[in-house]
Amino acid sequence: MIQEKLIVAVALSVLLMAGCRKNPASSAIHSNKVRVGYIGLTCEAPIYAAYEKGFFKEEGLEPELVKCNWATYKDALALGSYDITHHLVMYFLKPIEQGLDVRFLAGIHRGCLRVQAGVKTNINTIQDLKGKRIGVPGMGTPPFVFANRVFGTHGVDAGKDITWKVYPAGELGLAIDKGEVDAVADAEPIGSLLIAEGKVRNIADQIMDAPYKDEYCCEVIANGKWVDANPDTAARATRALLKGAKWVETNPRTAAVMAVEKKYLASTPELNTAALARLRYVPSVQLAEESVHTAGREMKVAKMLSPETDTEALAKRAFMHLPGVTDEWIKSLEVEKVAGGQVSPEDDIRLIAELIQKDSGDSCCRRKMFDQPDQDAPNLADPDASCLQKNTVAAQK
């Protein structure tokens, strides 16, 4: 029996490690090598910037980027397939509650999630969504978790009062058009595009509404054992990522184009610019720690954490301070301002959306461009279509 359990445990570990494409062995203690995990998302721009602009090397590190997927991302970090990354607080808090050994280290950016209602509905408040159908890119995805948190703090039981329907992210707008759902929960750039196309109105906006606008949705997060064994390396890697965040905030257009040209993600420069320009890459340590406390309290109210969980103790266990990673250091940090790398206030996202819609070639697949990597959501808007193209959307309008 013991031998059988051992075999099962080893097999599970192998499967989890398969989610990342590099050697799962832990980094050597006191090494200057660091493995940085990424999935291939718009909001991971600071990772790409830190690598491409040499910020890791400026900290005396030899970085290795490790391409991963959603399905095993959390477990791969805890088991040592990579050392550090930045990711969503709400995505990791439940696993940390259950014993996942990872630590938040600093805040990267704010404002990537929304709950939006169709403009043809009479939905104007969170309470109006009670009894309605909401489209999400997947159960358990960040938009789903954010929506659950919002409902919990507004007295709506997400398990009983909401009908959830799963669609590929690029087809949430079509689901609204066809009346399949009353509202959607989404991440950038989908939220901005649906607003620009006149399909939805914002009901809950992580970058505009309190308390979400003042907290970090994504923070630097690292393997707990690796941080404990390599606090100096972890601090240097964190500083590189924070510098990457500040560089992206200063040069969002350049960062967006670079991510596409270097093939970190499947998108267009225009679409990626629209998404990055809306996010706030203003790194912080103190506010990041406060964000973990706030998210924990509200996730407990929303029944996403155990009713027995002490959220303050959970937050203290989840967040770790590192030497040299301080708000004072962040304030002193200067980055270059690339000529033409900014997005001016006059830039209209509707114009960007129109640019995207002009690209209507048959080979351009809207799902591949908008969906999160490795998403296998069923196409409920059009079950017979394996890949929804932009020209198809235009024709259906």
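The values are calculated or read from the model by the stated rules, or taken from the named source; none is laboratory data. Predicted, not measured: the structure shown is a model, and the values here were computed from it. Ideal geometry is used to build each Cβ from the backbone, glycine not excepted, and the neighbour counts take in all protein chains shown. SASA here: full protein model, heavy atoms, side chains in, ligands and nucleic acids out. Shrake-Rupley method; radii C 1.70, N 1.55, O 1.52, S 1.80 Å.
Values as computed for the structure displayed
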{"read-out": "Pairs with Cβ under 8 Å, 6+ apart, first in the range 270-282 and part of a helix (DSSP H, G or I) and surrounded by fewer than 24 Cβ atoms within 10 Å (Cβ to Cβ), second of a type in the set (Gly, Ala, Ser) and modelled with pLDDT under 85", "value": "Arg278/Gly111; Arg278/Ser192"}
{"read-out": "Any hit, the range 169-186, residues being at pLDDT below 90 and either open to solvent by 30 Å² or more (accessible area, probe 1.4 Å) or assigned to a loop (DSSP other than H, G, I, E, B) (or both)", "value": "no"}
{"read-out": "Residue that is in a helix (DSSP H, G or I) and open to solvent by less than 10 Å² (accessible area, probe 1.4 Å), where the choices are Ile96, Ile134, Ile123", "value": "Ile96"}
{"read-out": "Residue match in the range 50-65 (condition: within 16 Å of the chain's Cα centre (by Cα), outside any loop (DSSP other than H, G, I, E, B), over 19 Å from Ala229 (Cα atoms) and touching a residue at least 24 places away in the same chain (Cβ under 8 Å))", "value": "no"}
{"read-out": "Subset of the range 301-321 [charged (D, E, K, R) and at pLDDT below 95]", "value": "Lys303"}
{"read-out": "Conditions (1) open to solvent by 50 Å² or more (accessible area, probe 1.4 Å); (2) touching a strand residue (DSSP E or B) at 6+ places or on another chain (Cβ under 8 Å); number of the one not met by Gly155", "value": "(2)"}
{"read-out": "Count of residues meeting criterion [at positive phi and in contact (Cβ under 8 Å) with a residue 60 or more places away in the chain] in the range 136-178", "value": "1"}
{"read-out": "Within the range 187-205, considering residues that are at pLDDT 90 or above and not small (Gly, Ala, Ser), the one surrounded by the most Cβ atoms within 10 Å (Cβ to Cβ)", "value": "Val200"}
{"read-out": "Members of the range 101-120 that are part of a loop (DSSP other than H, G, I, E, B) and either modelled with pLDDT under 95 or buried (at least 23 other Cβ atoms within 10 Å of the Cβ) (or both)", "value": "Gly111, Cys112"}
